1. Going through segment 84-118 one residue at a time, which ones are touching a Ser or Thr at 6+ places or on another chain (Cβ under 6 Å) and open to solvent by less than 40 Å² (accessible area, probe 1.4 Å)?
2. Somewhere in segment 71-80, is a residue open to solvent by 10 Å² or more (accessible area, probe 1.4 Å), in contact with a helix residue (DSSP H, G or I) (Cβ under 9 Å, 6 or more places away or on another chain) and β-branched (Val, Ile, Thr)?
3. Which one is least open to solvent (accessible area, probe 1.4 Å) among residues in segment 171-201 that are touching a Ser or Thr at 6+ places or on another chain (Cβ under 8 Å) and β-branched (Val, Ile, Thr)?
4. Filter segment 37-51 for residues that are hydrophobic (A, V, I, L, M, F, W, C), modelled with pLDDT of 95 or more and touching a helix residue (DSSP H, G or I) at 6+ places or on another chain (Cβ under 7 Å) and give the result.
5. Kindly indicate the residue of segment 146-170 that is among the β-branched types (Val, Ile, Thr) and surrounded by fewer than 17 Cβ atoms within 10 Å (Cβ to Cβ) and also farthest from the chain's Cα centre (by Cα) among those meeting that condition.
6. From the list Arg54, Arg13, which one is exposed (fewer than 14 other Cβ atoms within 10 Å of the Cβ) and either assigned to a helix (DSSP H, G or I) or at pLDDT below 95 (or both)?
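The values are calculated or read from the model by the stated rules, or taken from the named source; none is laboratory data. From a predicted model like this one, the values you see are computed outputs, not experimental measurements. Note that we place each Cβ from the backbone using ideal geometry, even for glycine, and neighbour counts take in every protein chain shown. The area values use the complete protein model at the heavy-atom level, side chains included, leaving out ligands, DNA and RNA. Shrake-Rupley method; radii C 1.70, N 1.55, O 1.52, S 1.80 Å.
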Amino acid sequence: MIAIIDYDAGNIRSVEKALDFIGAEPVLTRDEDVIRSADKIILPGVGAFGDAMRRLNEYKLTNVIKDVIAQGKPFMGICLGLQLLFEESEETPGVKGLGILPGRIVRFPDNTSDKIPQIGWNSLKINPDSRLFKGITDGSYVYFVHSFYLKAGDESIVAATTEYAGVTVHAAVERDNVFACQFHPEKSSDVGLAILRNFAL
């Protein structure tokens, strides 16, 4: 069973549908006991960093997330869920993230001709040693929707990058049992479903 953490963020149902489609067993929940008993956990979401951290704290989910990760359970963040795993975001100065992984979320530069937020498909440069991208061709396209991007504090955790607005975006990370994608695998066609299979099955 895969627990999808429900903290009133956007786009959670589409992750549930994608997992159903690949034959996983998703359960949408904010129940601590269900999350702790799950085989794997996903933290998805679209929205603002500060609001999301407030809701995670309000629903008493922050300690649960830290505990299951410390126990070694496979854990995946998607979009906002990736950002929340890091220390802080320029979107909401002064609000601390979960701090599971080293790094910070920064705003795309203003002096770019590219549209912000980035909405659409972009290709990935994949770390060949990545477990999340096993069997996926380097240069594959995935779907992004974001105005802020990750600068990982430890580049050894970066599983894939992309280029946008003149910067290198750390588009996916993995360390031990923790995986995360800035893009939306659930909206990234066959490539995205393959990524979800690599994590979920």
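1. Within segment 84-118, Ile105 is the sole residue that qualifies.
2. Among the residues of segment 71-80, not one is open to solvent by 10 Å² or more (accessible area, probe 1.4 Å), in contact with a helix residue (DSSP H, G or I) (Cβ under 9 Å, 6 or more places away or on another chain) and β-branched (Val, Ile, Thr), which makes the answer no.
3. Step by step, filter segment 171-201, then rank; the result is Ile195.
4. First, pick out the residues of segment 37-51 that are hydrophobic (A, V, I, L, M, F, W, C): 38, 41-43, 46, 48-49.
From what is left, the residues that are modelled with pLDDT of 95 or more are 38, 41-43, 49.
Of everything in segment 37-51, those that are hydrophobic (A, V, I, L, M, F, W, C), modelled with pLDDT of 95 or more and touching a helix residue (DSSP H, G or I) at 6+ places or on another chain (Cβ under 7 Å) turn out to be Ile41, Ile42, Leu43, Phe49.
5. Val167
6. The unique qualifying residue is Arg13.
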